[in-house]
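Each remark here refers to the structure printed beneath this line.
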Amino acid sequence: MPADILKILEEEYGNTKSALHYSSVFELLIAVILSAQTNDNQVNKITDVLFQKYNQPEDFAKMPIAELEQYIKTCGLYKNKAKNIVAAAQKLVQDYHSQVPNTKEELLTLPGVGNKTANVVLSVGFGVPALAVDTHVFRVSHRLGLASGNTPDKVEEELCAIIPQEKWSDAHHWLIWHGRRVCAARNPKCITCKLRDFCPGREDME
């Protein structure tokens with residue numbers, strides 16, 4: 001059944017990619033840090049302005065935290081994110097020659113970078129197979145019966161066990177876009193959903 005679900009998801013969302021705006025792996029890193037508990041549209045509004053002036057690790061490494069807060073204050077948890085972004089930029093400059101590392105172990109040493117953020121940067125930024133679990137992926141995978149874990153890390157483990165590795169990165173985007181367009185948290189469009197026949201939760205949501 002997972003193969004049938006993946007086939008339909010690919011047919012529906014095969015050309016989709018990250019909704020975040022970025023022009024470098026470093027900008028992607030910053031955008032993903034900002035996206036925690038904040039929707040991508042709001043992050044894009046912030047970064048479209050921010051990245052015009054600041055777009056290199058050195059820029060953020062020397063930026064006063066209070067100044068960065070003013071740029072990102074419409075973002076959830078902005079004070080903590082500002083602190084982490086400045087600290088992460090400083091670590092990139094000091095320890096990684098101002099380059100975003102391309103291994104999960106190294107990415108996780110950066111302030112503000114957890115498992116989900118590391119997976120997104122690896123997958124989207126470096127093309128490394130990874131399956132980040134955000135709120136959309138978590139919700140949709142549970143509703144479709146693809147996972148039952150009660151944490152994002154557990155859901156990631158379950159999804160990676162049933163989805164071919166070469167499709168991990170794509171499946172991440174497919175599940176996200178299905179969650180945005182069809183399988184919303186409230187009032188999911190079950191009647192018109194192409195995955196209706198495979199969804200064990202469909203009757204509960206009609």
- Residue check for Asp40: more than 14 Å from the chain's Cα centre (by Cα) and surrounded by fewer than 20 Cβ atoms within 10 Å (Cβ to Cβ): no
- Message: Here's a check for you: in region 182-206, which residue that is part of a helix (DSSP H, G or I) and in contact (Cβ under 8 Å) with a residue 60 or more places away in the chain is farthest from Asn41 (Cα to Cα)?
- Response: Phe198
- Task: Taking Lys91 as meeting all but one of (1) outside any helix (DSSP H, G or I); (2) in the same structural domain as Ile46 (by TED's automatic domain parsing); (3) in contact with a Leu (Cβ under 8 Å, 6 or more places away or on another chain), write down the number of the exception.
- Result: (1)
- Message: Among the residues of region 72-88, what is the count of those that are among the hydrophobic types (A, V, I, L, M, F, W, C), part of a loop (DSSP other than H, G, I, E, B) and out of contact with any Leu (no Cβ under 7 Å at 6 or more places or on another chain)?
- Response: 1
- Task: Give the residues of region 156-179 that are surrounded by fewer than 16 Cβ atoms within 10 Å (Cβ to Cβ) and within 13 Å of the chain's Cα centre (by Cα), sorted by residue number.
- Result: none
- Message: If I filter region 7-18 for residues that are at pLDDT below 95, of a type in the set (D, E, K, R) and not in a helix (DSSP H, G or I), do I get at least one hit?
- Response: yes
- Matching entry among Ile8, Ile33 (being in contact with a Lys or Arg (Cβ under 8 Å, 6 or more places away or on another chain), in contact (Cβ under 8 Å) with a residue 60 or more places away in the chain and under 30 Å from Leu195 (Cα atoms)): Ile8
- The residue from Leu146, Leu131, Leu122 that alone is aliphatic (A, V, I, L, M) and either surrounded by fewer than 18 Cβ atoms within 10 Å (Cβ to Cβ) or over 30 Å from Ala87 (Cβ atoms) (or both) is Leu146
- Could you list, in sequence order, the residues of region 51-74 that are under 17 Å from Leu110 (Cα atoms) and of a type in the set (Gly, Ala, Ser)? Ala61
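If you check Val128 against the conditions, is it outside any helix (DSSP H, G or I), closer than 28 Å to Pro200 by Cβ and hydrophobic (A, V, I, L, M, F, W, C)?
It is false that Val128 is outside any helix (DSSP H, G or I), closer than 28 Å to Pro200 by Cβ and hydrophobic (A, V, I, L, M, F, W, C).
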- Message: Residues that are among the charged types (D, E, K, R) and touching a Phe, Trp or Tyr at 6+ places or on another chain (Cβ under 6 Å): does region 36-50 have at least one?
- Response: no
- Query: Which of the residues belonging to region 50-67 are under 17 Å from Leu28 (Cα atoms) and either surrounded by 12 or more Cβ atoms within 10 Å (Cβ to Cβ) or aromatic (Phe, Trp, Tyr) (or both)?
  - Reply: Leu50, Phe51, Tyr54, Asn55, Gln56, Pro57, Glu58, Asp59, Phe60, Ala61
- Task: Take the residues in region 90-114 that are of a type in the set (S, T, N, Q) and within 22 Å of the chain's Cα centre (by Cα), then tell me which one is nearest to Phe60 (Cα to Cα).
- Result: Gln99
- Within region 23-50, residues being part of a helix (DSSP H, G or I) and closer than 23 Å to Leu108 by Cα number 13
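The values are calculated or read from the model by the stated rules, or taken from the named source; none is laboratory data. For clarity, every value in this text was computed on a predicted model and none was experimentally measured. Every residue, glycine among them, receives a Cβ derived from its backbone with ideal geometry; neighbour counts consider all protein chains shown.
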